[in-house]
Every structure is written in C-alpha cells, then in structure tokens.
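The values are calculated or read from the model by the stated rules, or taken from the named source; none is laboratory data. What you see is a predicted model; the values in this text were computed from it and never measured. Using ideal geometry, Cβ is built from the backbone for each residue, glycine included, and neighbour counts are taken over all protein chains shown.
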Amino acid sequence: MKNKPKIKYSGNLGMHWNWNLVLSLSLLVLVLLNFRISHRAGLVTLLFAGCYFGVILLVYLYYKPRILRGLVDFATSFSQTQEEILRQIELPVTIVSSSGRIMWMNDRLCELTKKPENYERNISVLFPELTSASFPVMEWDKDIEVRYQERDLRAHIQRISIDDLIDDTDMIRQEKKKGQSSFFYIIYLLDETERNQLRQENRDQKPVVCLVDMDNYDEALEGVDEVHSSLISVLVDRQIMKYFTAQGCLPKKLEKDKYLVVLNQRSLDVLSEDHFSILESVKTINIGNDVSITLSIGAGLGGGNYLENYELARSAIEMSLGRGGDQAVVNNASQMTFFGGKSQRSEQHTRVKARVKAQAMREIMITKNSVIAMGHRFPDMDCLGAAIGVCRAARALGKPAHIVLGADNASIRQWIELLKESKDYKEGLFVTREEALQMTDATTALVVVDTNRPSLLECRELMDKTDTIVVLDHHRQNTDKIENASLSYIEPSASSACEMIAEVLQYFEENVRLRSLEADCMYAGILIDTNNFVAKTGARTFEAAAYLRRSGADITRVRKMLRDDVDSYRARAEAVRNAEIYLDAYAISILPPGELKSPNVVGAQAANELLNIVGVRASFVLTDYENEIFISARSIDEANVQLVMEKLGGGGHISMAGAQLKGVTAEEAREKLKAVLKQMTDDKTL
C-alpha cells in the first residue's frame with residue numbers, strides 16, 4: 001500500500017493552535033514561580049492550570065473534526081464555484097496532464113468536439129497539432145495554430161505547477177517526495193476563423209500592376225504579308241486579353257507590343273499556380289511566321305500604392321528582358337520569383353544596340369583619367385579576352401588601362417605570361433586587388449566584364465571607389481546584380497563576352513587596332529564558351545570571329561595554346577566514365593581529385609563531353625576546388641540548366657550555367673542537385 005502524504009495545519013490556522021500552546025507553557029511557568037513564593041498559592045494556580053488544560057483539550061477534541069469539516073466544505077464549495085465559472089466560460093477550455101491526457105473539459109469544448117465531459121483520451125486525438133512534445137517546457141505559456149472541422153483555432157497553453165499551488169496554500173502543507181510529478185496544462189481555444197478570413201481577403205485584394213511586352217514582335221512579323229501580319233496581331237491580342245480577363249484582371253493595350261494589366265493578389269496567385277501558361281500558348285500562333293512570338297511579363301506588388309507597384313513591375317520587366325525574355329518575373333519588393341524562361345533567346349540581327357553602347361562607352365572613357373577592367377573570380381579565357389579588348393579600347397583613347405587579377409589561375413596562366421612579356425604592355429597590364437584599390441578614384445571608369453553579379457567580382461570593393469561603372473556581360477541577370485551602373489550592356493543572346501567586345505570595338509573608334517596576341521585571346525574566349533562553335537553560336541558569333549581573324553588571330557596558334565596535359569585528359573575521361581544517369585535524363589559526375597592545373601576548366605570540359613551521350617538532356621560535373629564545390633552545367637536545347645543552377649545560388653545561360661557551393665562536400669552537393677532536379681521534374685519546370 002502506497003504511503004499517503006501527511007496533511008498538517010499551516011498558515012493562520014496553524015498559528016492559532018501554536019498560540020494556545022505558548023499560553024499553556026506560560027501558565028506552567030507561572031505555577032512554578034508561585035510555588036517558590038508560597039506553597040498554598042502554587043496549589044491554587046496548579047488547580048487553575050489543570051482546569052484550563054482540561055477545558056482546552058475538550059475544546060480541541062470537540063471542534064477539531066468540525067473545523068476540518070468546515071474547511072473541506074468551504075474548499076469544496078469554492079472549488080465548485082471556480083469549476084462552474086470555467087464550465088460556463090464562452091471559451092473552450094481543457095485541463096490536461098503532462099502526457100497530454102484530458103483531465104477535464106468545460107461545456108463549450110464538449111459542444112465543439114461532441115465529446116462527454118468524462119472523455120479521458122489524449123488531446124492529440126482531437127487536435128493532432130497538440131502533442132506533449134509541443135507543450136511549453138521552459139516558458140510558461142505558448143500559442144499553437146490548430147485546425148478543427150474547417151475552423152481555425154489558436155490554442156493558448158499555460159503550464160501550471162502543482163508544487164506552487166500546494167506551497168501557496170495558506171492552511172495546509174504537503175510533504176513532497178523527490179521526483180514527484182509537478183505539472184499540468186490548461187489549454188484555451190480561441191476561434192480565429194473569421195479573423196483569418198478577413199486577413200486572407202485583405203491580402204487577396206491587394207493591388208498588383210503587371211506589364212506585358214512582346215519580345216520579338218518585329219522579328220516575328222518580318223517577311224509576313226500585311227494580311228497575315230494583321231491576323232497574327234489580332235490573334236495574339238485576343239489570346240492575351242482572354243487569358244487575363246478570365247482571371248478577373250483588367251488588361252489594357254498601350255502600344256502594338258505592350259500591355260498594362262491591373263489585378264489583385266488573388267488573381268496573381270492563380271496566374272502563378274498556372275505558371276503563366278500564356279508564355280507557352282502564345283508560341284502556338286503560327287500563320288506564316290517563321291519565328292514564334294514570345295512574351296516578357298513583369299508583375300509588381302507589395303508597394304504602398306499603384307505607383308510604387310508600377311515601379312516594381314517596371315523593374316521586373318527589365319529583369320525579364322535582361323534574362324532573355326520569354327518569362328514572367330514577380331517582384332514583391334523583397335524578392336523576385338521567376339516563371340518560364342525555357343526557350344533560347346533569338347539572336348538579334350541588327351547591330352544598332354552594339355553601336356549605341358559602343359558610343360556610350362566611348363563618351364564615358366573620354367571623360368575619365370583611367371580605366372580598370374575587372375571580371376569574376378577565377379577568370380576564364382572569355383573573361384580575360386573581354387578585359388583585354390576593353391583595355392585596347394581605352395588605350396586607343398590614350399587612357400591608361402589595367403586588369404584586376406586575383407589568385408593565380410592555371411587555365412589562363414600561359415596567356416598571362418605572354419601578355420606580360422609583350423612589348424605593348426611594358427608599364428604593366430595586370431594589377432593586384434590592393435594596387436587597384438589604391439589607383440581607383442572618382443576619375444576612374446570601372447568596366448566589369450563577363451559577369452553582372454557583385455558577389456562574383458574579383459574585387460567588389462572597387463565599386464565603392466568610383467561612381468562610373470560599365471557592365472558588359474552575356475549572362476542572364478539575377479536578383480543579385482550590379483545596381484546604378486552608368487552603362488549596362490547585357491545581351492544573353494550573345495555567345496560570349498568576347499563576341500560582345502569584338503562588336504563594340506568595331507564601332508568604338510576608327511583607330512582601334514587589335515594586336516595579334518589580343519585577337520588570339522578574344523578568339524580563344526569565343527572558342528571555349530561556344531565549345532568550338534557548337535553551343536550558342538549564331539551569325540554574329542562567326543562575324544565576330546571573322547573580325548578577330550582579320551585582326552591577326554591565328555587559329556593554329558590558339559589551338560596549340562588550348563591543348564590539355566595528359567593528367568587533365570585522364571581526369572576528364574574518368575569523370576565521363578563514372579557518370580551517373582539520374583532520372584534517365586541527367587548525367588551527374590564528380591571530377592576525381594588529383595593534381596590538376598585547372599580542375600574547374602576540366603570539369604566544364606567533362607560536362608560538354610557528357611552531352612554526346614544519347615538520351616542525356618543535361619549534364620552536371622562537380623569539382624572540389626579551393627574548398628568550394630564548382631558545378632558545371634550544360635545542355636543542348638532540351639533543358640534549361642540556368643534555372644537549375646539558380647536554385648543552387650548560381651546562374652548562367654539556358655544551355656551553359658554554373659554554381660559554387662561552400663561548406664559542403666561533393667557528395668552532399670550531388671544530393672542537393674538531385675533534390676532540385678527531382679523537384680523541378682515533378683513540377684514540370686525543367
């Protein structure tokens with residue numbers, strides 16, 4: 001049989017009996033003193049004390065059970081009053097043990113759950129979100145969102161200490177044993193269904209501004225007769241109007257190829273869930289036009305008014321166009337979300353844009369005292385060749401020009417040595433980061449080539465030294481982009497940065513004359529980025545190559561410079577041999593470790609080789625280099641590897657992209673890549 005806890009008087013009641021004991025002892029002292037004074041006085045006092053003790057004992061024995069009964073009756077009635085108040089309170093309330101078992105429920109909770117008041121199962125049976133693991137442990141209360149029968153409830157859980165209740169009792173005290181359980185929980189359920197509905201309705205009604213542009217309206221209608229041209233225009237207009245009005249939007253045509261759409265966030269959610277299917281459906285319009293029409297969509301929300309949302313939408317449409325068009329960008333002021341972008345941007349046949357940008361860059365350089373060219377970290381041949389072209393343009397204007405070069409890069413080391421030995425650069429072409437920071441000021445023009453992301457720059461601090469920044473790049477823009485550039489020339493349809501610089505040089509200055517070594521560098525950059533004129537090659541790519549050939553580029557000399565050593569060749573072959581075909585469509589491999597001069601370049605070459613396998617839609621090669629995992633992604637035209645790399649913090653082109661991961665191993669990076677591929681395949685966004 002278990003020992004019952006001992007109950008003792010405590011508080012005011014205990015003091016009442018203690019004072020009787022004190023008075024009795026005082027009376028005994030008085031008797032002793034009287035005996036010392038007089039024997040007769042002592043006997044009288046002793047007789048009185050005996051009568052007093054007898055009366056006190058009778059009173060104690062008579063009233064003790066009645067006092068305890070009164071205390072019990074009072075506690076019972078008081079407890080019943082409290083319970084009745086809790087039972088009739090309008091909020092559903094329950095008391096559960098530390099394990100979650102229901103000890104008591106009030107009437108409102110019984111009505112809500114249709115359970116009797118003696119229901120003693122675990123609270124998680126009624127509300128799966130309320131488990132013992134979710135109860136407050138360190139804190140004294142906690143709120144948990146629960147869902148019950150289409151109702152949104154907020155459970156406010158309070159932790160109650162049984163020990164504190166007993167310690168605070170004014171009349172009795174329990175002698176506790178070590179290890180005794182001492183907590184239970186009171187749960188109040190507050191119905192927040194209506195508030196959540198109002199909150200959702202308020203969110204759904206927030207204004208959104210959307211801009212829609214036809215990327216290639218003039219190119220698509222080029223060569224089409226007037227009758228078919230008008231019909232195509234009407235069909236495109238009808239499809240755009242029908243798509244947006246079906247979702248409660250208000251579209252308005254501004255120009256022949258531009259639309260303004262006013263909608264709310266509820267409609268935007270529907271369009272986002274539909275992945276803006278208008279991007280694909282508009283391509284099906286084909287009435288004699290050889291080129292499919294594509295759209296760029298930019299939506300802005302999260303601003304304080306329509307004007308702010310319009311500015312966000314304008315920023316989104318610029319981002320969409322900068323990434324090559326044929327996609328939708330949603331800008332909610334804090335981040336951008338991308339949809340579509342699966343098709344390759346068609347090459348622009350006109351060079352008007354290149355001529356305008358060349359003249360603008362010339363005007364900027366004329367007003368500056370010096371020019372600093374800078375690319376991305378771990379520069380490749382395209383980055384080096386583009387920077388060489390910028391320096392040649394600056395020197396044609398009589399301006400000193402330098403290239404920021406960071407850590408030694410084996411893939412371009414031999415080219416750097418040849419340039420250093422060239423008599424054209426006696427004063428020094430390459431500078432370190434520290435030297436560049438010292439020589440850069442407000443009179444310096446900073447030209448960024450082959451990247452538009454600040455996080456990838458060789459020396460990001462240079463942007464804080466000058467207000468004149470020129471960006472020349474062929475990669476698609478991302479949310480991480482260089483802001484407030486004086487001139488930005490981003491052309492995703494170009495094969496390489498060297499192709500863009502070659503075009504700019506032809507319109508820059510009449511006396512620009514590339515040296516043979518400079519032409520070799522730029523030609524090598526185009527050659528590597530196009531995989532020997534196989535990937536992302538257009539008419540303008542060959543025109544740029546022809547210009548470099550006329551400037552003295554030697555194809556045989558370039559080919560010799562680009563030859564691999566035997567270790568790189570073996571590593572590339574090993575990466576191809578060990579490739580894993582994931583989801584029957586994606587080749588994934590890890591470059592074996594070894595003493596390679598340029599492992600990231602070898603990884604990119606291996607990714608190109610894997611595309612030669614039948615059935616491979618895209619290839620991914622992971623390289624462990626400088627405590628980072630470099631991922632080289634390649635495809636032909638069946639998958640957009642840029643979208644995959646953006647999920648991993650990288651970017652690039654539809655058919656050529658990459659990413660850099662820190663703090664992970666090659667195996668962990670491969671698992672991350674597989675998870676992204678699986679998710680995008682299931683969502684049909686790849």
Which numbered condition in (1) closer than 20 Å to Ile490 by Cβ; (2) out of contact with any Gly (no Cβ under 7 Å at 6 or more places or on another chain); (3) surrounded by 20 or more Cβ atoms within 10 Å (Cβ to Cβ) is the only one that Met336 fails? (3)
Filter region 89-118 for residues that are hydroxyl-bearing (Ser, Thr, Tyr) and either surrounded by 14 or more Cβ atoms within 10 Å (Cβ to Cβ) or free of Cβ contacts under 8 Å to residues at least 24 places away in the same chain (or both) and give the result. Thr94, Ser97, Ser98, Thr113
Quick count over region 544-570, residues being surrounded by 15 or more Cβ atoms within 10 Å (Cβ to Cβ), charged (D, E, K, R) and part of a loop (DSSP other than H, G, I, E, B), is 2
Among the residues of region 201-212, are any of a type in the set (A, V, I, L, M), surrounded by 14 or more Cβ atoms within 10 Å (Cβ to Cβ) and over 33 Å from the mean Cα position of the chain (by Cα)? no
Being assigned by TED's automatic domain parsing to the domain that holds Ile364 and in contact with a Lys or Arg (Cβ under 6 Å, 6 or more places away or on another chain) narrows it down to one of Thr432, Thr440, so name that one. Thr440
Can you confirm whether region 425-446 contains a residue that is out of contact with any Phe, Trp or Tyr (no Cβ under 6 Å at 6 or more places or on another chain), surrounded by fewer than 19 Cβ atoms within 10 Å (Cβ to Cβ) and farther than 25 Å from Ile364 by Cα? yes
Restricting the first residue to region 438-456 and requiring it to be over 23 Å from Arg323 (Cα atoms) and in a loop (DSSP other than H, G, I, E, B), which pairs with a second residue that is basic (Lys, Arg) and at pLDDT 90 or above meet a Cβ separation below 7 Å and a spacing of at least six or different chains? Thr440/Lys465; Asp441/Lys465; Thr443/Lys368
Wholly within region 579-686, helices (runs of 4 or more DSSP H) carrying at least 2 residues that are over 27 Å from the mean Cα position of the chain (by Cα): 599-610
From the residues in region 498-543 that are among the aliphatic types (A, V, I, L, M), farther than 21 Å from Val447 by Cα and not in a helix (DSSP H, G or I), which one is modelled with the highest pLDDT? Val534
Please work out if Arg392 is in a helix (DSSP H, G or I), surrounded by fewer than 20 Cβ atoms within 10 Å (Cβ to Cβ) and of a type outside the set (A, V, I, L, M). no
Name the residue, out of Asp237, Asp218, Asp213, that is of a type in the set (Asp, Glu) and not in a helix (DSSP H, G or I). Asp213
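Can you pull out the residues in region 415-451 that are polar (S, T, N, Q) and modelled with pLDDT under 90?
Of everything in region 415-451, just one residue is polar (S, T, N, Q) and modelled with pLDDT under 90, namely Ser422.
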Has region 399-413 got any residue that is assigned to a loop (DSSP other than H, G, I, E, B) and more than 24 Å from Asp564 (Cβ to Cβ)? yes
Across region 453-482, what is the number of residues that are in contact with a His (Cβ under 7 Å, 6 or more places away or on another chain) and either among the hydroxyl-bearing types (Ser, Thr, Tyr) or under 19 Å from Gly406 (Cα atoms) (or both)? 3
